[in-house]
1. State the three equivalent ellipsoid semi-axes of region 243-307, derived from the C-alpha gyration tensor as the square roots of 5 times its eigenvalues, in descending order and whole Å.
2. Please report the antiparallel percentage of DSSP beta bridges with both residues in the chain, rounded to the nearest 5.
3. Calculate what fraction, in whole %, of the accessible area of region 342-500 sits on carbon and sulfur atoms when a 1.4 Å probe is rolled over the protein chains.
4. For the chain, what does the accessible surface come to per residue with a 1.4 Å probe? Please give it in Å².
5. For region 9-49, with all protein chains present and a 1.4 Å probe, just round the carbon and sulfur fraction of the accessible area to a whole percent.
6. For the chain, find the longest principal axis of its Cα atoms and tell me its angle to the long axis of helix 409-423, 0 to 90°, nearest 10.
7. Roughly how many debye, to the nearest 20, is the charge dipole of region 148-275 about its Cα centre, given +1 on each Lys and Arg Cβ, -1 on each Asp and Glu Cβ, and no other charges?
8. Report P(r) for region 244-366: all Cα-Cα distances, bin width 5 Å, range 0 to the bin holding the largest distance, values in whole percent.
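The values are calculated or read from the model by the stated rules, or taken from the named source; none is laboratory data. Quick caveat, the model's predicted, so the values are computed rather than measured. FYI the Cβ positions are ideal-geometry reconstructions off the backbone, even for glycines, and counts take in every protein chain you see. All accessible areas refer to the heavy atoms of the entire protein, side chains included, with ligands and DNA or RNA removed. Shrake-Rupley method; radii C 1.70, N 1.55, O 1.52, S 1.80 Å.
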Amino acid sequence: MSDTILEMRDITKTFPGVKALSNVNLNVERGEIHAIVGENGAGKSTLMKVLSGVYPFGSYSGDIQFEGKECRFNGIHDSEKLGIVIIHQELALVPMLSIAENMFLGNEQARLGIIDWDVARRRAKELLRKVGLREDPDTLITNIGTGKQQLVEIAKALAKDVKLLILDEPTASLSEKDSQALLDLLLEFKKQGMTAILISHKLNEVKKVADRVTVIRDGQTIETMDREDVTEDRIITSMVGRTMEDRYPSREPKIGETIFEVKDWSVYHPLHPDRQIIKGINLHLKKGEVVGIAGLMGAGRTEFAMSVFGRAYGANVTGEVYVHGKRADTATVGKAVAAGLAYATEDRKTYGLNLIDHIKHNVTIANLPGVSRSGVIDDMGELKVANEYRKKTNIRSSSVYQITGNLSGGNQQKVVLSKWLFANPDVLILDEPTRGIDVGAKYEIYAIINKLAGEGKGILVISSEMPELLGICDRIYVLNEGRIVGELAGHEASQEKIMRAIVRGEEKAAS
Ligand SMILES: Nc1ncnc2c1ncn2[C@@H]1O[C@H](COP(=O)(O)OP(=O)(O)OP(=O)(O)O)[C@@H](O)[C@H]1O
Ligand SMILES: [Mg+2]
């Protein structure tokens, strides 16, 4: 017999100029893992913000029934009181506070308004054990990786007596191993009777854990599928409204001479000068070539890219960079850009975008001369460029004047990409370019990468999604613990060979 825990009916939510949700229905049964999927900007996060009271009663229309009672939340505290806890798409932990402090921030383990830190720490330890995280509760958030931070968020949720846990893309920035662990945890909670809503663009994960899947497109519910009907193809068709033959566009590589080379690149940790993070990397990139860097989380891929691009990471950096065969100075971001490099960051929040500014400015910021006449910005020219790139990368927004911070996660990523496309570099380093991006938009991004390669640029792609690297790269370097431990031609590469290179690298380092 079915037992509905949550029913959302006819939910409509508008923002100025955007109808984000229009008569959405969602029905969740007690004890199930219910996945919500849909393209970037479809309205998934908005729906969950309505549910959790981030958007209070009165700011939307429609009704919400939780455990048979009508809910009118004024804020997130009201929904938490009933056991509805949301973990947002962008993690909200405070980096310079400890794990325990973060866990009990705003959830007073307090008597008479004073937090008893001994109790809090003990309780934190208990909850950390539940999520399988072996860290001291006093460790600062900034000192643990994203995978562990995600677990802290979950432990924090558990501290609140949760009945319905909402996870908005919890694995977007996790390695395969960490994602796996998180999904297993979710299955474990399910056994204990917890209900969960999972939003994810990783359809293989959805297929693996979801009991039912609801598809949202353009702010409307398309359908809810039962477990036995769920296949990745079926989800995609429902999401994008048409069938997709291939996940990767085809391309005829035209590879020319070497355009970019890094020699003997070594980097030390900025705070621990004796810790070597990058250990003598040599790599090169040819004109028209798409080259991947594979590796586990923490292998040093981002640190490598950031240190090359303007010494944005690391201390005591040594080594040489060559662009078009000539020694290039990339010691500052400005110099790196002038040398013809661009680096589209994995972390769009901190480095990639000015979130309080609109799309137009964000797109042109890395190439102001491109929209200026005699040193003065030409407003009409800038508008034209912004509109062109908005179209090219298919950014979903009301106009180029929408504030980037209000865009859906995936669409923010497209703005980052637009910015660097307009900068027109010779060498483009893309760090996790499709993180949080839906399958249809991924295809569009791969097509853009192909086009750039076709124009003779060199493209270096860092990605944790191995199928993606295998799908688009001519060549793949494997990085592990700061070293290159393998190099594979695209046509001979496989997930297994990449993993084997990593393991061999570890054995070598240990011996
Ligand atoms: N605060 C806001 N102000 C204006 N528009 C907004 C705001 N928040 C969301 N939107 C718009 O509402 C729509 C739905 O956004 P939402 O974040 O719910 O998408 P999503 O399905 O979660 O996408 P993604 O997969 O990229 O995270 C988008 O068009 C977005 O631009
Ligand atoms: Mg979202």
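1. Over the Cα atoms of region 243-307, the semi-axes work out to 31, 18, 7 Å.
2. Numbers: 50 of 84 bridges.
Roughly 60 percent of the beta bridges in the chain run antiparallel, per DSSP.
3. Working: 3230 of 6260 Å².
Looking at region 342-500 in its full context, I get 52 percent from C and S.
4. Working: 22970 Å² over 511 residues.
Here the residues of the chain average 45 Å² of exposed surface.
5. Details: 600 of 1380 Å².
Result for region 9-49: 44 percent of the exposed heavy-atom area is carbon or sulfur.
6. Relative to the chain, helix 409-423 is tipped by roughly 20 degrees.
7. Details: 20 positive and 24 negative charges, 73 e Å.
Charge dipole, region 148-275, about its Cα centre: 360 debye, nearest 20.
8. 2, 9, 16, 20, 18, 15, 12, 5, 2, 0, 0
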